[in-house]
Structures are given as C-alpha cells and as structure tokens.
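The values are calculated or read from the model by the stated rules, or taken from the named source; none is laboratory data. None of the values given here were measured: they were computed from a predicted structure. Cβ: placed from backbone, ideal geometry, glycine included. Neighbour counts: every protein chain shown.
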C-alpha cells in the first residue's frame with residue numbers, strides 16, 4: 001500500500017530546503033537563536049516558553065547524590 005502523503009519524507013525535504021535557502025552560512029548557535037526568536041513570536045508557542053511546570057513526582061524526590069551508594073560513586 002502506497003501512502004498518499006509521507007510526512008517524514010516531507011519534513012526531511014523541508015529541513016534540507018531550510019538549511020540550503022534560509023540558514024546557509026549560519027552557525028549552530030545562530031540557527032538555535034533564530035529558531036528561539038521565531039518561537040517567541042508565535043502566539044501559542046511564545047506563551048509556553050515562559051511557563052515552567054514541575055511535575056509532582058519531581059517535587060518529592062530526593063536528590064540523586066543521596067541515592068547513590070559509595071561503591072557506585074567510586075566507579076568511573
């Protein structure tokens with residue numbers, strides 16, 4: 001059965017197109033900053049960037065350092 005639309009193939013082509021046309025010559029840091037600025041301008045995604053949510057389970061966990069045994073910590 002052949003798919004009418006292959007989203008993965010489309011995203012790969014689009015990513016290549018963006019790299020070749022829009023982001024040519026930018027460093028990884030510059031690409032990251034550009035994406036961050038675009039997300040902040042989006043009415044939905046921009047609001048999510050300022051929200052910080054800590055899951056309930058994370059609030060009640062002990063720090064990792066107290067869970068490690070001395071024998072495991074000494075292995076490196």
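Sort through 19, 23 and tell me the only one that's at pLDDT below 90 and assigned to a helix (DSSP H, G or I). Outline the logic, then answer.
On the way: 23 fails: assigned to a helix (DSSP H, G or I).
On inspection, the qualifying residue turns out to be 19.
Restricting the search to the stretch 1-16, which residues are surrounded by 10 or more Cβ atoms within 10 Å (Cβ to Cβ) and not in a helix (DSSP H, G or I)?
Once the filter is applied, which keeps residues that are surrounded by 10 or more Cβ atoms within 10 Å (Cβ to Cβ) and not in a helix (DSSP H, G or I), the stretch 1-16 yields only 6.
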